[in-house]
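Q: I am attaching a structure below and will ask some questions about it afterwards.
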Amino acid sequence: MFIQTGGESQLAKSDYSAPQNSCYTYRDLKNRWRQIFGRVATLGLVWKLGLSQGFAAQPKPDATIDWSRHIGLFAANSHGKFCLSIANGALKLGQKIVLIWVPVEGERRELEIRRGKIAAKLAAPCDETNRQVTDSVYRVGAGKLDIGRIYFALVGRAIGLRVAGAEVKTRFGNRDLIFRSCTSTEGFHFSIWSGTELKEQEIWRRYFYLGYDVEPTCAERDFEEIKP
């Protein structure tokens with residue numbers, strides 16, 4: 001840029017200064033692109049590893065779990081002796097057991113949740129009438145219990161046990177479970193459901209014969225076949 005001063009032309013000074021090294025050789029450009037691609041590849045690998053770990057931290061429900069090996073009934077026989085009946089002969093001494101008593105639907109009684117441990121494996125069933133072919137029988141140390149109550153027995157750790165109305169809910173095997181009991185004319189129907197209220201699926205059921213008449217409280221759903 002030129003300005004006129006006293007009839008003479010002089011070059012005006014500017015605040016802008018061009019970079020000293022504005023030209024690159026082919027080798028410089030090639031090295032620069034290698035650096036860029038290397039950084040992009042590294043960032044992509046870090047993102048991929050982080051994403052895969054994030055998915056791994058969110059386990060999916062195990063649709064193949066054999067619920068009969070994890071859930072049984074804990075009840076007293078005619079002599080007042082409590083036993084756990086469950087289709088699992090491999091439980092070890094000291095194995096933790098969660099005991100859940102749920103009142104029959106419609107009854108206004110407080111629910112009961114106990115924790116115990118396997119104390120011994122028994123050679124003979126406590127209750128021949130309600131014995132199933134696949135049952136193994138155990139004695140469980142759980143303190144003093146009401147012999148008039150029949151408990152769900154859950155093998156392992158139940159997360160977030162909570163009472164919701166007349167039901168007990170918990171998290172087990174990556175599923176939310178709901179425990180229910182009702183009566184037919186001569187016995188109890190115990191069932192466990194998975195899912196939400198709008199889309200529930202029965203995953204476990206067992207009948208316990210009483211040998212005397214009781215007032216039926218079961219609904220039609222309590223007699224339907226369990227869908228695989």
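Q: Name the strands (runs of 3 or more DSSP E) wholly within the stretch 109-173 that hold at least 2 residues that are surrounded by 18 or more Cβ atoms within 10 Å (Cβ to Cβ) and aromatic (Phe, Trp, Tyr)?
A: Once the strands (runs of 3 or more DSSP E) in the stretch 109-173 are filtered for at least 2 residues that are surrounded by 18 or more Cβ atoms within 10 Å (Cβ to Cβ) and aromatic (Phe, Trp, Tyr), what remains is 151-155.
Q: Further question: Which residues, counting only those in the stretch 136-149, are at pLDDT 95 or above and within 26 Å of the chain's Cα centre (by Cα)?
A: Result: 136, 138, 140.
Q: Looking at the stretch 145-203, which of its residues are of a type in the set (Lys, Arg) and in contact (Cβ under 8 Å) with a residue 12 or more places away in the chain?
A: 149, 157, 171, 175, 180
Q: With respect to residue 177, determine if the residue is surrounded by 14 or more Cβ atoms within 10 Å (Cβ to Cβ) and not small (Gly, Ala, Ser).
A: yes
The values are calculated or read from the model by the stated rules, or taken from the named source; none is laboratory data. Every value quoted in this text rests on a predicted model; they were computed, and no experiment measured them. Backbone-built Cβ (ideal geometry, glycine too); neighbour counts: all protein chains shown.
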